[in-house]
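Worksheet: one structure, shown below.
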Amino acid sequence: MTSRTTLYQRRRLATPEEIAGIPWMHLLQPHERERAVVGLQVTEACVGEFVCHAGRPVSYWFGLIDGLLKMSADNVDGMTMTFTGVPPGGWFGEGTCIKREPYRYNIQALRKSVIAGIPIDTFQWLLDNSLGFNRFIMNQLNERLGQFIAAREIDRISNPDVRVARSLAALFNPVLYPGGGSVLRITQQELAYLVGLSRQRVNEALATLEAHGAIHVEYGGLRVMDLQALRDGRFAPGKRVALAVG
């Protein structure tokens with residue numbers, strides 16, 4: 001259920017703690033950091049609310065402080081293709097900001113989320129003046145390319161266990177999501193939205209992954225025990241076990 005006010009109307013200044021958690025801030029020189037902090041805004045998105053709409057002009061470069069987002073696009077047949085999820089610590093849309101083109105995808109909140117953003121003009125100024133920021137963006141774009149190639153591969157995978165495994169692995173990218181650690185706070189229903197499977201089928205896949213030692217299911221989320229196993233997706237078929245996750 002969305003609020004009657006817009007994300008822009010709900011904007012506020014970032015707290016010192018929120019600023020300290022932004023991964024690229026420590027790469028800036030003092031005067032560059034000052035310029036970035038002045039332009040930085042924070043807002044809260046309700047469940048189901050869109051942060052970005054396909055076709056809308058770009059105005060901010062966004063990052064997620066807390067919550068969970070879904071990046072997707074609708075095709076000509078009206079079907080929705082989910083590209084990836086965005087966990088806390090992830091910043092997205094740098095390619096769109098560089099080209100100043102309309103968004104080609106939707107970003108939607110799967111749960112109540114805290115989102116940060118800097119204006120497009122501040123983003124461009126940092127590109128023009130900060131070597132550290134340029135290196136961060138270059139790494140982002142390089143990882144993003146690999147991420148979307150992997151997303152296309154995942155979309156063609158018919159084995160649900162492998163599909164869930166590869167989708168989880170994408171959420172633990174240490175470059176795109178440096179603040180993620182080894183624990184992901186996600187419900188089965190949220191994961192089902194990202195993977196494009198039923199909640200029940202995701203439950204079965206998580207049981208298989210846990211049985212193979214790749215993950216450990218905890219209350220309200222899961223812990224990755226073997227990231228490479230998730231990336232490889234080599235899980236022998238076995239008995240399905242029902243798993244109770246939030």
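Counting every C-alpha pair in the chain, the share spaced more than 23 angstrom apart comes to 50%.
Probing with 1.4 Å while keeping every protein chain in the model, the per residue accessible area of region 90-236 equals 46 Å². Peptides 38-48, 164-174, ordered by how many other C-beta atoms sit within 10 Å of their residues on average, highest first, read 164-174, 38-48.
Report the calculated FRET efficiency for residue 121 and residue 200 (r = Cβ-Cβ distance, R0 = 51 Å), to the nearest 0.05.
Efficiency, rounded to the nearest 0.05: 0.60.
With R₀ fixed at 22 Å, the C-beta to C-beta distance from residue 231 to residue 75 puts the FRET efficiency at about 0.20.
Electrostatic bookkeeping for residue 10 treats Lys and Arg as +1 and Asp and Glu as -1; over the other residues with beta carbon under 13 Å from its beta carbon, the sum is +2.
Taking 8 Å as the Cα distance limit and 6 or more residues as the minimum spacing, I'd like the relative contact order of the chain as a percentage.
18 percent.
Using the average count of surrounding beta-carbon atoms within 10 Å as a protection proxy, the listed peptides 131-143, 193-205 rank, highest first, as 193-205, 131-143. Between residue 175 and residue 101, the modelled label-to-label distance comes to 2.1 nm, taking each label 7 Å out from Cα in the direction of the beta carbon.
A simple spin-label model places the labels of residue 46 and residue 112 1.2 nm from each other, with each point 7 Å out along Cα-to-Cβ. When Rg and the Kirkwood Rh are both derived from Cα coordinates, the Rg/Rh ratio for region 1-139 amounts to 0.96.
How much of the accessible area of the chain, probe 1.4 Å, is carbon plus sulfur, in whole percent? Walk me through the numbers on the way to the answer.
Details: 6760 of 12530 Å².
With neighbouring chains kept in place, the figure for the chain is 54 percent.
Other residues within the sphere of radius under 15 Å centred on the Cβ of residue 113, judged by their own Cβ, net out at +2 (K and R +1, D and E -1). Residue separation of residue 59 and residue 219 scaled by 0.36 nm, minus their Cα-Cα distance, works out to 53.8 nm of gained length.
The values are calculated or read from the model by the stated rules, or taken from the named source; none is laboratory data. In this text, all values refer to a predicted model and were calculated from it rather than measured experimentally. We place every Cβ from the backbone using ideal geometry, glycine too, and count neighbours over all the protein chains shown. Quick note on the areas: whole protein, heavy atoms, side chains included, nothing else; ligands and nucleic acids left out. Shrake-Rupley method; radii C 1.70, N 1.55, O 1.52, S 1.80 Å.
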